[in-house]
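Here is the structure we will look at.
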Amino acid sequence: MHFSALFALAISSISLVAASPIEKRYSAAKIQSFQDSLCLAPFSAWQNGTVVGTTGCDNGATWDINPGSGSIILHGTNWALQAQGGGSTNNAAVVLWQSAPGTFAQTWYLTGDNRIAITNGVQCLDEGTGGPQTYQCTTGNTNQVWNIIPANGIPPPNHTVGRVAERAPKPTAA
């Protein structure tokens, strides 16, 4: 009798694990700044060091991003979002770089409060006055809040259609 009860308990435990939700991977999504409703986009031909700025979401690039830790990849390519300066300094530009999984400056974490942070670091993606940059993660700093606009194209409520302002930071030494 005890064996059948233990067997039933084991089977129910397995089914509970199997029913756990899997974190959704965003594929071909746009990354929109909460601060100004602009979206991330590379600002010139794709090569190592191409500056990533922000532009109206109609012209924004699409990215592949996981809610957990990993690279943020320009959709359909092998180009990753990378923090210049190694990912540990304030006001560093963000650029495209050939994807090298596990590289500190390319390993980002999408937090529960919509921040994009360097995994195991203290820097967040920040929409500064000159465009995207890294800056020390700070609670309450809305420059560091980003919306992920899914591939279905339904933007969040604060999305501004046809915004023409564009921001691109000046490149800094890598």
Which whole-Hz couplings ³J(HN,Hα) result when phi for each residue of the range 37-49 is put into the Karplus expression 6.51 cos²θ - 1.76 cosθ + 1.60, θ = phi - 60°, listed in order with x for Gly and Pro? 6, 8, 10, 5, 7, x, 9, 6, 4, 6, 7, 4, x
Can you compute 3J(HN,Hα) from phi for each residue in the range 134-150, using the Karplus curve 6.51 cos²θ - 1.76 cosθ + 1.60 with θ = phi - 60°, rounded to whole Hz and x for Gly and Pro? 9, 7, 3, 4, 9, 4, x, 7, 5, 5, 9, 9, 10, 9, 9, 8, x
Most to least packed among 86-93, 97-104 [average Cβ atoms within 10 Å]: 86-93, 97-104
The range 24-149, relative contact order in percent, only Cα pairs under 8 angstrom and at least six apart counted: 26 percent
Which value in nm describes the separation of the simple spin-label points at GLN136 and ASN90, placed 7 Å from the Cα toward the beta carbon? 0.6 nm
Using a 7 Å offset from Cα along Cα-Cβ at THR77, what residues in the range 56-71 end up with backbone N under 18 Å from the label point? 56-66, 71
Once you order the gyration tensor axes a ≥ b ≥ c over the Cα atoms, which shape class does the range 29-93 get: rounded for a/c under 1.5, otherwise prolate or oblate by comparing a/b with b/c? rounded
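Restricting to Cα pairs below 8 Å that are 6+ residues apart, what does the relative contact order work out to for the range 60-116? Please round to a whole percent.
Relative contact order comes out at 34 percent.
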In order over the range 72-84: 3J(HN,Hα) from phi, Karplus 6.51/-1.76/1.60, θ = phi - 60°, whole Hz, x for each Gly or Pro, gives 9, 10, 4, 3, x, 10, 10, 9, 9, 6, 10, 7, 5
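A short reminder: the numbers here are calculations on the coordinates, not readings from a lab. Only a predicted model underlies this, so the values are computations on that prediction, with no experimental measurement involved. Cβ coordinates were reconstructed from backbone atoms using ideal geometry, including for glycine residues, and neighbour counts include every protein chain displayed.
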